[in-house]
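J.: So that we are looking at the same thing, I have put the structure below in structure tokens.
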Amino acid sequence: MNFLLPPLDVNTLLLTLVLVQVLIASTLWAAISPGARHGVMSWTLSLGMQGAVFMLLALRTPEVHLTSIVLANLFGALSLTLQADALLRFRGSRLHPAWLAGIPVAMATLMWALGGSEALRFALNGAIFGAGMVGLAILAIRTSQPESTQGRRLLAGGYLLEGAMMLARALALTVVPEAFESARLAGSVPAASALVAFVVALVTSMGFLLMHRERREASVSRLATIDSLTGIFNRRSFFELGEKSLAYGRRHGTPVSLVLLDLDHFKQINDSLGHHAGDGVLRHFVGVVQACLRKEDVLTRYGGEEFCVLLPVSGPEVAHPLAERIRTAVERARFEHEGERLTITTSAGVATALPGEGTLESLVQHADAALYAAKREGRNRVVLAAPA
């Protein structure tokens, strides 16, 4: 009994690839949540264009009609521009409509103009599409999304694979046209081209999906460490960074200082003008404070209207003047709400942990006690605590 399957002809392969393209597009669409589909529509349409190219190749008769060649090149070029648009949309931009439609039309027009020059069509097709794939690889690498490293590499690798194949095909036509012609007549060229195109579509789609997953993971990580209102580190991050600073201080014999800030009479702003005004004041306050800090200082939102400035490798001779500079800057800053000028001041408590002494909890307690003293003494002032 013969269990061998009959050979799979090129047309059956191409039609199978059409169905697989639909499956890839559906999987991609379902795997990415609606609110995070940056460029997914363009990418899905590009897969549809590739499926259309496979369909045209499968339905092509031995007497190849020029119209099918032109349409295949039109859809193939449109697939490339759609993927370029998808990558640009992923990073918050988009491909200009003139480029999106103009490049495919120009490609189709060129193929139509070449008419019966089959060898020249093949050579130009390979050179142009190969260069386009290399361009997409460069665009993928330069996507400027640091959290999408693995996805970008997978995308670039897939594009470079097909680009190399297309350029090699163009080179083969120039160097050994007889051997290439024999392979084309035997049907191996369209089959090989279709298989490589399919593998690249699968690899690049996986890369595009991975870019979205990496962005989502980075977003989740950011939400765990960043205050959503002000964009600075949150309370959890403060304790992690504070412990690291104290550990560094113990190893290297350096002090660590903390400035605890509190907006004076902030509750009155919320009660009289609403939380929207209060949120605006907090964001503006953070901007004013950040302008006073050194690059090594760490600003965190401790809770409500309380903020911490962690100063690694800094003693009171650095922390106290910095706190006073912040207090003065806030007092002089222009806070407004709906055209109304708001008077905003801040009180500050400053504490220092000497090298190898104290814990983060004791440092916070000392700074909090100093802040309480600043408020008790009339607010809008800085109080320096004893060493922690």
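J.: Determine, for M166, M211, the number of other Cβ atoms within 10 Å of each Cβ, and report the residues in order from fewest to most.
T.: Working: M166 23, M211 26.
Listing M166, M211 from fewest to most nearby Cβ atoms yields M166, M211.
J.: What does the helix-only formula give at 222 nm for the chain: each DSSP H stretch with n ≥ 4 adding -39500 (n - 2.57), the total divided by the residues, and the result rounded to the nearest 500 deg cm²/dmol?
T.: Values: 13 runs with 259 residues, N = 388.
Helix contribution divided over all residues of the chain: -23000 deg cm²/dmol.
J.: Does the range 336-388 come out rounded, prolate or oblate by the C-alpha gyration tensor, with a ≥ b ≥ c the root eigenvalues, rounded set by a/c under 1.5 and, if not, prolate when a/b is larger than b/c and oblate if not?
T.: Numbers: a/c = 4.07, a/b = 2.59, b/c = 1.57.
Because a/c hits 1.5 or more and a/b exceeds b/c, the range 336-388 counts as prolate.
J.: Let me ask something additional. Can you classify the range 235-384 as rounded, prolate or oblate using the Cα gyration tensor, where a ≥ b ≥ c are the square roots of its eigenvalues, rounded means a/c under 1.5, and otherwise it's prolate if a/b beats b/c and oblate if not? The partial results should precede the final answer.
T.: Numbers: a/c = 2.11, a/b = 1.99, b/c = 1.06.
It is prolate, given that a/c is not under 1.5 and a/b is the larger ratio.
J.: Given a cut-off of under 8 Å on Cα pairs at least six residues apart, what relative contact order in percent is computed for the range 235-384? Show your work: numbers first, answer last.
T.: Values: 271 pairs, mean separation 48.5, N = 150.
Answer for the range 235-384 is 32 percent.
J.: Let me ask something else. Order these by the 10 Å Cβ neighbour count, fewest first: S347, S362.
T.: On the way: S347 25, S362 13.
In increasing order of surrounding Cβ atoms, one gets S362, S347.
J.: Follow-up. Considering every Cα-Cα pair within the range 215-304, what fraction, in whole percent, is farther apart than 16 Å? Please list the in-between numbers first.
T.: Values: 2537 of 4005 pairs.
That fraction is 63 percent.
J.: Using Cα pairs under 8 angstrom and six or more residues apart, how large is the relative contact order of the chain, in percent?
T.: Working: 587 pairs, mean separation 46.5, N = 388.
Value for the chain: 12 percent.
J.: Moving on. What ratio of Cα Rg to 2.2 N^0.38 Å holds for the chain? It would help to have the intermediate numbers written out before the result.
T.: On the way: Rg = 31.6 Å, N = 388, 2.2 N^0.38 = 21.2 Å.
In units of the 2.2 N^0.38 Å rule of thumb, it is 1.49.
J.: Taking 25 °C and 0.890 mPa s as the conditions, I'd like the Stokes-Einstein D for the range 50-103 in µm²/s, using the Kirkwood hydrodynamic radius from alpha carbon pairs.
T.: Stokes-Einstein gives a translational diffusion coefficient of 201 µm²/s.
Each value in this text was obtained by applying a stated rule to the coordinates, not by laboratory testing. Note that the structure is predicted; figures quoted are calculated from it, not measured. Glycine gets a Cβ as well: all are built from the backbone with ideal geometry, and neighbour counts include every protein chain shown.
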